[in-house]
Amino acid sequence: MQLDGIKPDTTTFASILPACAKMGALVWGIDIHQSIMEGGFLSDIIVGNALVDMYAKCGDIDKARELFDRMPQRDIVSWNALIAGYAQNGFVENALEIFKQMQLAAVKPDSTTFASILPMCAKMGALKQGMDIHRSVMEGGFLSDIIVGNTLVDMYAKCGSVDKARKLFGRMQQRDIISWNAMIAGYAQNGFVEKALETFNQMQLAGVKPNSSTLASILPACAKMGALEQGIDIHQSIKDRGILLDVVVATSLVDMYAKCGRIDKACELFEEMPHRNVVSWNAMIAGYAQNGFFEKALETFKQMQLAGLKPDPTTFASILPACAKMGALEQGMDIHQSIMEGGFLSDIIVGNALVDMYGKCGNMDKARELFDKMPQKNVVSWNAMIAGYAHNGFCKDALKIFELMKQSGAYPDAVSFSCVLFVCRHTGLVDEGCTYFSDMHNPYCITPTIDHYVCMVDLLARAGYLEDTLNFIIKMPIKPVVVVWKMVHAFCVGDRSHPQTQEIYAELEKLALEMKAARYFPDSRHLSNDVEEEEKELFLSRHSEKLAIAFGLLNTPPGTTIRVVKNLRVCSDCHTATKFISKIVAREIVVRDANRFHHFKHGKCSCGDYW
């Protein structure tokens, strides 16, 4: 146009500047700004608005503000451009301040203003300002505008006022997919997981098809609830409707399956993903770690790095607990080095995970050094140190840290008291333990859980206060579970000391018949040849893990996972037998032997029969 000798006018500039804004083409925008000044169009309000908008959207918010301040005239579009500019560039407080100045200048906001400013209140959790803006929306008659209505629902939900969000949602004359998504996400983010699922079902009954944003909100809700069946239904619905799995939805599915215990399905989906980002890898690493597959978590972490993706704080917060659980100090130290190189050492979540890892790997000097250097500490930081000292046998240090925590102004939580009661219970500090337990009620207003009651029962019983222990159990405000009457059930080969010995052996005989019917044959290869085969089978049937599993089957509800810790390597016969039992009783059985975890499920073991 310019080469043809045709001079641009206001319409030209008002058309070309939004193109620069959309592309983020700041250099071109500056050239056009120069042409505007040369042509004498800078005082034109339409051109001025387009310039403010272009500079704001291209990230030069200072230049946008300078131009805005110099404008001889301003209208609602001018104010909206600057408010949106501050909002989009993350200057939330500035956006709210400009909104106030706009009202003082007697300029009435419109639907675009509200659609820009309400998300800022949501981002800041500024409920009071949001409620003030809600009043302005009603006064201006914009409540029926669906975009404004959606941003109001979203604002209330993100500010934690879910009841107000629900009332507004219920009164909306029109709803679109964004309205439903705001309500579903609001419930999910505020912990009302069942309500989120209920609203998702209502949305489908209303004929509104979910999109990627819906699925990215509802799948974490299923994960949080462990609602595997609903998650599978949603996954099937995605397949039936031919919805393309973008990286966000695919990652949400991986996370849901992992958190619901289906790590096999999570792994299958992860491998099928054509594109993976850091969040996808984090979901898989966390999934392995949370399900006890610590070696796989470390292996996946290495694969992520080989794929050229840089770990973020979430990655480190997921992988360090795996090192902690394995006692893998060397790997933990390597990861610590990567954290320092990445500049994440000041991140409080990463710092907490490092302190916890060093504590659980037995290096309390390093844990304390890191703890002391932390620029910020929260209750998790203090708990990691207390637990580290407690579990490493430095009980006095654990109690000293707890006292320091209180002196620092940090507020102990239920976990803090679990740690100090653990210390008291293992050192016989009855008076101190009773004082700490009393402190939970007053002054800290913490309601004790069953774990706290178990600690107190064990503390009193170990010290010989049996009558006090019985009275304590009788007065408990919550129903005592089996573990209150006894923390851990221990068995050795051929053990007959347990009060339920008869029932345990009867259960084993019953299982033996069912296993033989399923074609199980005892593996006596490693026993002495001097012993008759019948005696060998009898000896194998009385192995400690079999006794523990039978006890677990007798004393836990159907479907409950049975967990066994063994101080030796699991033998080949017990390994085979446990696979059969897991299939027969339809239970997951987790056995931690001297080498690794074995997850038995549906007749298979996570180790692939190689351990």
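The values are calculated or read from the model by the stated rules, or taken from the named source; none is laboratory data. Here the structure is a predicted model, which means the values were calculated and not measured. Ideal geometry is used to build each Cβ from the backbone, glycine not excepted, and the neighbour counts take in all protein chains shown.
Each residue in the range 202-215 was checked for being farther than 12 Å from ILE238 by Cβ and either within 20 Å of the chain's Cα centre (by Cα) or in a loop (DSSP other than H, G, I, E, B) (or both), and 4 pass.
For the range 120-134, a residue qualifies if it is crowded, with 20+ Cβ neighbours inside 10 Å and either closer than 13 Å to GLY186 by Cα or not aliphatic (A, V, I, L, M) (or both), and the qualifying residues are CYS121, ALA122, GLY130, HIS134.
For the range 483-499, which residues satisfy the criterion of being of a type in the set (A, V, I, L, M), modelled with pLDDT of 70 or more and out of contact with any Ser or Thr (no Cβ under 8 Å at 6 or more places or on another chain)? Full working, then the answer.
Our first condition is that a residue be of a type in the set (A, V, I, L, M); within the range 483-499, this holds for 483-484, 487-488, 490, 493.
Filter once more, keeping what is modelled with pLDDT of 70 or more: 487, 490, 493.
Passing the criteria: MET487, ALA490.
The rows are residues; the columns are (1) touching a helix residue (DSSP H, G or I) at 6+ places or on another chain (Cβ under 8 Å); (2) in a loop (DSSP other than H, G, I, E, B).
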{"site": "GLY308", "(1), (2)": "no, yes"}
{"site": "PRO311", "(1), (2)": "yes, yes"}
{"site": "ALA317", "(1), (2)": "yes, no"}
{"site": "PRO321", "(1), (2)": "yes, no"}
{"site": "LYS325", "(1), (2)": "yes, no"}
{"site": "GLN331", "(1), (2)": "yes, no"}
{"site": "HIS336", "(1), (2)": "yes, no"}
{"site": "PHE344", "(1), (2)": "yes, yes"}
{"site": "VAL350", "(1), (2)": "yes, no"}
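If I filter the range 428-440 for residues that are closer than 22 Å to GLY359 by Cα, at pLDDT 90 or above and assigned to a helix (DSSP H, G or I), do I get at least one hit? No - not one qualifying residue is present in the range 428-440.
Count of the range 172-201 residues, restricted to those that are among the basic types (Lys, Arg) and in a helix (DSSP H, G or I), is 1.
Per this entry, PHE301 is counted among residues that are of a type in the set (Phe, Trp, Tyr) and modelled with pLDDT of 95 or more.
Does the range 255-304 hold any residues that are assigned to a loop (DSSP other than H, G, I, E, B) and without any contact (Cβ under 8 Å) to a residue 24 or more places away in the chain, and which are they? Once the filter is applied, which keeps residues that are assigned to a loop (DSSP other than H, G, I, E, B) and without any contact (Cβ under 8 Å) to a residue 24 or more places away in the chain, the range 255-304 yields only PRO274. A single member of VAL148, VAL162, VAL137, VAL193 is surrounded by 17 or more Cβ atoms within 10 Å (Cβ to Cβ), in contact with a Gly (Cβ under 8 Å, 6 or more places away or on another chain) and either of a type in the set (A, V, I, L, M) or more than 30 Å from LYS239 (Cβ to Cβ) (or both), and it is VAL162.
The residue pairs whose first member lies in the range 50-67 and is in contact (Cβ under 8 Å) with a residue 24 or more places away in the chain and buried (at least 19 other Cβ atoms within 10 Å of the Cβ), whose second member is of a type in the set (Phe, Trp, Tyr) and not in a helix (DSSP H, G or I), and whose beta carbons are closer than 9 Å, counting only pairs six or more residues apart or on different chains, are ILE61/PHE91. For first residues located in the range 103-123 and over 12 Å from SER78 (Cα atoms), partners that are of a type in the set (Phe, Trp, Tyr) and lie 6+ apart or on another chain with Cβ distances below 7 Å form the pairs SER111/PHE142; PHE114/PHE142; ILE117/PHE99. The criterion of being under 25 Å from the mean Cα position of the chain (by Cα) and of a type in the set (S, T, N, Q) does not hold for GLN129. Restricting attention to the range 401-428, the residues that are closer than 18 Å to MET487 by Cα and buried (at least 19 other Cβ atoms within 10 Å of the Cβ) add up to 9. Looking only at residues of the range 231-245 that are surrounded by fewer than 20 Cβ atoms within 10 Å (Cβ to Cβ) and modelled with pLDDT of 85 or more, we find that the one that is farthest from LEU219 (Cα to Cα) is GLN236. With respect to the conditions (1) of a type outside the set (A, V, I, L, M); (2) surrounded by fewer than 19 Cβ atoms within 10 Å (Cβ to Cβ); (3) more than 29 Å from ALA384 (Cα to Cα), CYS267 falls short on a single one, namely (2).
Please go through the range 224-262 and give me each residue that is of a type in the set (Asp, Glu) and either out of contact with any Pro (no Cβ under 9 Å at 6 or more places or on another chain) or more than 21 Å from TYR187 (Cα to Cα) (or both), ordered by number. First the steps, then the outcome.
Initially, the range 224-262 is screened for residues of a type in the set (Asp, Glu), giving 229, 233, 240, 246, 255.
Once the filter is applied, which keeps residues that are of a type in the set (Asp, Glu) and either out of contact with any Pro (no Cβ under 9 Å at 6 or more places or on another chain) or more than 21 Å from TYR187 (Cα to Cα) (or both), the range 224-262 yields GLU229, ASP233, ASP240, ASP246.
For TYR453, the requirement of being modelled with pLDDT under 90 and either touching a strand residue (DSSP E or B) at 6+ places or on another chain (Cβ under 7 Å) or not hydrophobic (A, V, I, L, M, F, W, C) (or both) is not met. Taking residues in the range 230-247 that are touching a residue at least 12 places away in the same chain (Cβ under 8 Å) and farther than 24 Å from LYS195 by Cβ, and partners anywhere that are in a loop (DSSP other than H, G, I, E, B) and not hydroxyl-bearing (Ser, Thr, Tyr), the pairs with Cβ atoms closer than 6 Å and at least 6 places apart or on different chains are VAL247/HIS275; VAL247/ASN277.
Can you tell me which of ALA390, ALA367 is out of contact with any Asp or Glu (no Cβ under 6 Å at 6 or more places or on another chain), of a type in the set (A, V, I, L, M) and either surrounded by fewer than 19 Cβ atoms within 10 Å (Cβ to Cβ) or closer than 30 Å to THR469 by Cα (or both)? So that I can check it myself, show each step before the final result.
Numbers: ALA367 fails: either surrounded by fewer than 19 Cβ atoms within 10 Å (Cβ to Cβ) or closer than 30 Å to THR469 by Cα (or both).
ALA390 is the lone residue from the list that is out of contact with any Asp or Glu (no Cβ under 6 Å at 6 or more places or on another chain), of a type in the set (A, V, I, L, M) and either surrounded by fewer than 19 Cβ atoms within 10 Å (Cβ to Cβ) or closer than 30 Å to THR469 by Cα (or both).
Once the range 15-24 is narrowed to residues that are aliphatic (A, V, I, L, M) and either buried (at least 17 other Cβ atoms within 10 Å of the Cβ) or in contact with a strand residue (DSSP E or B) (Cβ under 7 Å, 6 or more places away or on another chain) (or both), the residue that is farthest from VAL77 (Cα to Cα) is ILE16. Taking the listed residues LEU513, LEU547, LEU568, LEU553, the one that is farther than 21 Å from ILE263 by Cβ and at pLDDT below 90 is LEU568, with no other qualifying.
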